[in-house]
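Peer 1: I'd like to ask some things about the structure below.
The values are calculated or read from the model by the stated rules, or taken from the named source; none is laboratory data. Fair warning: this is a prediction, and the values are worked out from it, not measured in the lab. FYI the Cβ positions are ideal-geometry reconstructions off the backbone, even for glycines, and counts take in every protein chain you see. For accessibility, only protein heavy atoms count, side chains too; no ligands or nucleic acids. Shrake-Rupley method; radii C 1.70, N 1.55, O 1.52, S 1.80 Å.
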Amino acid sequence: VATLDRTKADAVFGPVLGTYPAGSPGWLVRGRFFDRQVGAEGRRLLWKETRTGNTLVRGEWFTAKGFRYASDYGRSGGEDTQLFARMGLEGAAFHASARAIVHEAVPLERMGLRFLWKSSWLKTISYHRTLEAHPRGSRPLVVVSTLRILRALLLSLVALPLLLVGRRERLYGALLKWASAGAGIEYWLLPSRASGYVVYGPK
């Protein structure tokens, strides 16, 4: 609330830090894959950096202005960022509240590379879907995909030597960048198939 008042923001976002039960895989704990950081206190955030979970929004956006989640994002997630993207187009300001920390317990069913891979893939699909409808700051998907591939390749090269000392989390982090690159390419080449991840099908 103090950050909201000081910055005159329309929404503020605090960090979410994952907590893990005893016996959790060491690479998962060290990699902090479930942490969501916001940066320095009061920092202005782009809509691309937003999400729900430790978020405070001025109620007028839902009462007087009638903003709601898009229900057709329900299968993949991403409806929160899509909402904030639309708010941003209407002039909403987003800021970080770095001291308002929330700790979130990570359930056992999410503690694996398979879940992280699928999550990264779906987040990329829903992100591109939002970006496609956003008239500001978009770049050709072929450029974005190329940059993702180059970043994933660089991270992989850096991570491989660390395997010798048992630091698997860096390699797994690089693999998740490959997932993001692959999802972007699928969205570019097979948009009809990619839309199946985010649109509710017939019952």
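Peer 1: Failed condition for Glu109, given (1) open to solvent by 80 Å² or more (accessible area, probe 1.4 Å); (2) part of a helix (DSSP H, G or I); (3) closer than 13 Å to Asp10 by Cβ, with all others met?
Peer 2: Glu109 satisfies all of (1) open to solvent by 80 Å² or more (accessible area, probe 1.4 Å); (2) part of a helix (DSSP H, G or I); (3) closer than 13 Å to Asp10 by Cβ except (3).
Peer 1: Quick one: would you say Arg44 is among the charged types (D, E, K, R) and farther than 16 Å from Gly18 by Cβ?
Peer 2: Yes, satisfied.
Peer 1: Related question: Mind checking which residues of segment 50-62 are of a type outside the set (A, V, I, L, M) and closer than 17 Å to Gly91 by Cβ?
Peer 2: Thr50, Arg58, Gly59, Glu60, Trp61, Phe62
Peer 1: Sticking with this structure for a sec: Just give me the residues in segment 31-84 being within 22 Å of Ser126 (Cβ to Cβ), in contact with a helix residue (DSSP H, G or I) (Cβ under 8 Å, 6 or more places away or on another chain) and assigned to a helix (DSSP H, G or I), in sequence order.
Peer 2: Trp47, Lys48, Trp61, Ser71, Tyr73, Glu79, Thr81, Gln82, Phe84
Peer 1: Taking only pairs six or more apart or across chains, which ones have beta-carbon atoms under 6 Å, a first residue in segment 114-134 that is in a helix (DSSP H, G or I), and a second residue that is open to solvent by 20 Å² or more (accessible area, probe 1.4 Å) and among the hydrophobic types (A, V, I, L, M, F, W, C)?
Peer 2: Between residues of segment 114-134 that are in a helix (DSSP H, G or I) and residues that are open to solvent by 20 Å² or more (accessible area, probe 1.4 Å) and among the hydrophobic types (A, V, I, L, M, F, W, C), the close pairs are Leu116/Phe33; Leu116/Leu176; Ser120/Leu176.
Peer 1: Given (1) of a type in the set (D, E, K, R); (2) crowded, with 18+ Cβ neighbours inside 10 Å; (3) more than 26 Å from Ala152 (Cβ to Cβ), where does Arg99 come up short, assuming only one miss?
Peer 2: Answer for Arg99: the failing condition is (2).
Peer 1: Out of Gly18, Gly23, report the one residue that is open to solvent by 50 Å² or more (accessible area, probe 1.4 Å), outside any helix (DSSP H, G or I), closer than 28 Å to Gly112 by Cβ and not polar (S, T, N, Q).
Peer 2: Gly23
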